[in-house]
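Data first, discussion second: the structure below is written as structure tokens.
Here, each number is a calculation from the coordinates, and none is a lab measurement. Keep in mind that what you see is a predicted model, and the values were worked out from it rather than measured. As a convention, Cβ positions derive from the backbone with ideal geometry for all residues, glycine included, and neighbour counts pool all protein chains shown.
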Amino acid sequence: METAKPSALIATAAVLFAAGCSGDTTRHIDPSQLAMNSTMAAAFDDGEVTLFESYVAVNLPVRRPNAAELSSLRGAVKPFDRHPWVTTKDVRVQMTWTLANMDKDDHTVGVLIDPWNEFGRYVPGVTQVGDDEQPNLSGYDELYDLPGLDSDRSSRIVHTTSFDEMDELATDFATAINIFAEVMPPPMAMPGEEQPEDPRVSLVNHAFNLQNRHGSDPYTDGYTPSVIPALVGFNLGLRTAEKANLVLEYSIEIVDSEGNRILEEGSKAATLEAADTVYTLGEG
């Protein structure tokens with residue numbers, strides 16, 4: 001767990017500037033907030049476990065390709081039907097955030113990131129485990145102990161989800177998409193029979209587990225595509241096991257290695273949206 005004293009919150013303006021002579025451009029996006037309050041209804045309640053969640057959709061300013069650029073993306077790259085417009089070699093992103101507890105009591109808070117790329121969106125869903133239901137892992141799923149206002153410790157956490165961590169998230173999502181393409185779900189059980197376990201559940205949750213890194217994981221490395229689509233957005237979330245009043249302020253930095261994939265501040269050009277395809281396990 002990582003704690004820090006209060007500090008100035010990230011950047012205060014969006015800036016686009018050239019980064020040296022490398023050809024890269026970097027854009028800093030204005031800080032935004034995600035809040036959770038104690039009036040929210042439970043998002044998940046199976047009679048034993050109750051979870052409260054709050055989410056915000058974060059769209060990254062990736063430029064949509066024009067017709068000529070799109071037509072040039074010929075050739076399937078397994079498991080995708082064409083080469084991605086943006087890969088992790090083209091666009092990289094990191095997010096710096098400050099999580100503040102507005103309550104007197106301590107909370108354990110999950111910070112969740114569910115990825116989008118140009119081929120689809122990830123929704124974790126809920127899987128039946130025996131007689132119980134269990135939420136699947138988000139793409140980035142980390143717990144933080146957050147002291148309350150009455151604590152002698154800071155009630156804020158400042159953290160950066162780094163370029164490497166977000167690249168790992170993009171890679172894990174691409175791996176999950178390939179798992180969905182290659183691993184068949186079990187057939188529906190006949191009435192009175194127990195539904196067989198879906199092998200995709202353990203594979204996808206394993207890929208997204210923060211302790212497992214691609215390139216050194218024989219369980220899922222065989223499903224990692226040769227080309228990794230970059231993130232074009234994500235759902236950012238907070239989760240607690242009790243009602244809470246929390247504020248997450250976040251700021252995003254994007255590096256564009258080509259210099260022509262990220263839109264400038266104020267641009268009216270169309271952004272590249274995530275595909276409508278939703279990848280989920282169990283109940284979404």
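Could you check the simple spin-label distance between Lys243 and Ser154, using points 7 Å along Cα→Cβ, in nm with one decimal?
In this crude label model, Lys243 to Ser154 measures out at 3.0 nm.
Which is farthest toward the positive dipole end of the chain among Asn66, Gly222, Tyr279, measuring Cα position about the Cα centre, with Cβ charges +1 (Lys, Arg) and -1 (Asp, Glu)?
Sorting the options by dipole projection puts first Asn66.
When the dipole is taken about the Cα centre of the chain, and only Lys, Arg (+1) and Asp, Glu (-1) are charged at their Cβ, what size is it in debye, to the nearest 20?
1280 debye
In nm, give the distance between the simple-model label positions of Asp105 and Asp221, each being 7 Å from the Cα along the Cα-to-Cβ direction.
4.5 nm
Choose one of Ala100, Trp116, Tyr140: the residue whose Cα lies farthest towards the positive end of the charge dipole of the range 72-149 (beta-carbon charges +1 Lys, Arg; -1 Asp, Glu; about the Cα centre).
Checking the options against the dipole of the range 72-149, the answer is Trp116.
Taking K and R as +1 and D and E as -1, what net charge do the other residues with C-beta under 10 Å from the C-beta of Glu253 add up to?
+2
Given H placed on each backbone N at 1.01 Å, which residues far from Thr271 in sequence or on other chains put an amide H within less than 5 Å of it?
Arg64
Starting at 0 and stepping by 5 Å, how many percent of the alpha carbon pairs of the range 131-284 end up in each bin?
P(r) over the range 131-284, rounded to whole percents: 1, 6, 13, 16, 16, 15, 13, 10, 6, 3, 1, 0.
Can you list the HN-Hα couplings for the range 90-105, worked out from phi with the Karplus curve (6.51, -1.76, 1.60; θ = phi - 60°), rounded to whole Hz and with x for Gly and Pro?
8, 10, 10, 9, 9, 10, 9, 9, 10, 9, 10, 8, 9, 9, 6, 8
Applying the Karplus parametrisation 6.51 cos²θ - 1.76 cosθ + 1.60 with θ = phi - 60° to the phi angles of the range 251-263, what ³J(HN,Hα) value in whole Hz is obtained for each residue in order, glycine and proline being reported as x?
9, 10, 10, 10, 10, 10, 6, 8, x, 9, 9, 9, 6
Looking at the range 194-284, which trypsin sites (Lys or Arg not before Pro) are DSSP coil and have at most 14 other C-beta atoms within 10 Å of their C-beta?
Those satisfying the criteria are Arg213, Lys268.
Let me know the charge dipole size of the range 158-284 about its Cα centre in debye, to the nearest 20, where only the beta-carbon of Lys, Arg (+1) and Asp, Glu (-1) is charged. Intermediate values should be presented prior to the final figure.
Working: 6 positive and 22 negative charges, 32 e Å.
With only Lys, Arg, Asp and Glu charged at Cβ, the dipole is about 160 debye.
Residue-wise, which Karplus ³J(HN,Hα) couplings in Hz belong to the range 165-175, taking 6.51 cos²θ - 1.76 cosθ + 1.60, θ = phi - 60°, and x for glycine or proline?
Whole-Hz 3J(HN,Hα) from phi for the range 165-175: 5, 6, 4, 4, 4, 4, 5, 4, 5, 4, 5.
Among [x] 44, 42, 34; [y] 56, 46, 32; [z] 55, 54, 35, which is the computed Cα extents along the principal axes in Å?
[z]
Please state, rounded to one decimal and in Å, the Kirkwood hydrodynamic radius that the range 78-124 gives when every pair of distinct Cα atoms enters the mean of 1/r.
14.6 Å
If R₀ is 22 angstrom, what is the calculated FRET efficiency for the pair Ser267 and Arg82, using the beta carbon separation as r and rounding to 0.05?
Efficiency at R0 = 22 Å is approximately 0.35.
Over the range 105-195, what is the mean sequence separation of C-alpha contacts under 8 Å (at least six apart), divided by residue count, expressed as relative contact order in percent?
Dividing the mean separation by the residue count of the range 105-195 yields 27 percent.
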